[in-house]
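Presented below is the structure to which this report refers.
The values are calculated or read from the model by the stated rules, or taken from the named source; none is laboratory data. This structure is a prediction, so every number in the text was calculated from the model and none was measured. Neighbour counts run over all protein chains shown; Cβ positions are idealised from the backbone, glycine included.
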Amino acid sequence: MKTYPRLTEMGVLHPQQICSYSVNSIDYIDVLRVVYCRPKGSILPMTRTYKFPRVQKSAKIGDGAAKTKSVMASDPALLAAVEELKALMESKQQKADVADSILEELRLLEEDIALRSEFIKELVSKIKSV
């Protein structure tokens, strides 16, 4: 299993159970909401919310001027967590796509076997009637 260090630091013990996530901003706080796919009857929470205060940074304005402006940026910890969540969701999607492909190939194989089996039965019935 792939490790997710930032999510582990946040207390996420079972990242494979994450279904989705969202990020919203309220005033100067970024809110990360993680939604889990838990088995029925589980006493674990279905969602967890994490709050990250925005970080104040200085940004240069203009071309070569020494003027700076104070801007609010997302916490690097939030950005790292979101990157890990994106990677996790992409990995889950790829696995789902592979599983769908395998099931489709299996369906086609079963269909092919059924057709060939029927053809062989017809050949046997022709041999019996001769």
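For V130, indicate whether it is in contact with a strand residue (DSSP E or B) (Cβ under 8 Å, 6 or more places away or on another chain) and modelled with pLDDT under 95. In short, no. Annotation: K128 fulfils all but one of (1) assigned to a helix (DSSP H, G or I); (2) surrounded by 10 or more Cβ atoms within 10 Å (Cβ to Cβ); the unmet one is (2). For region 20-31, a residue qualifies if it is of a type in the set (D, E) and surrounded by fewer than 13 Cβ atoms within 10 Å (Cβ to Cβ), and exactly one does: D27.
Selection of region 24-45 for residues being closer than 18 Å to K92 by Cβ and out of contact with any Phe, Trp or Tyr (no Cβ under 6 Å at 6 or more places or on another chain) yields R33, V35, Y36, C37, R38, P39. Restricting attention to region 1-22, the residues being under 14 Å from S91 (Cβ atoms) and in a loop (DSSP other than H, G, I, E, B) number 4. In summary, strands (runs of 3 or more DSSP E) completely within region 32-90 and bearing 1 or more residues that are modelled with pLDDT of 90 or more and surrounded by fewer than 12 Cβ atoms within 10 Å (Cβ to Cβ) occur at 47-53.
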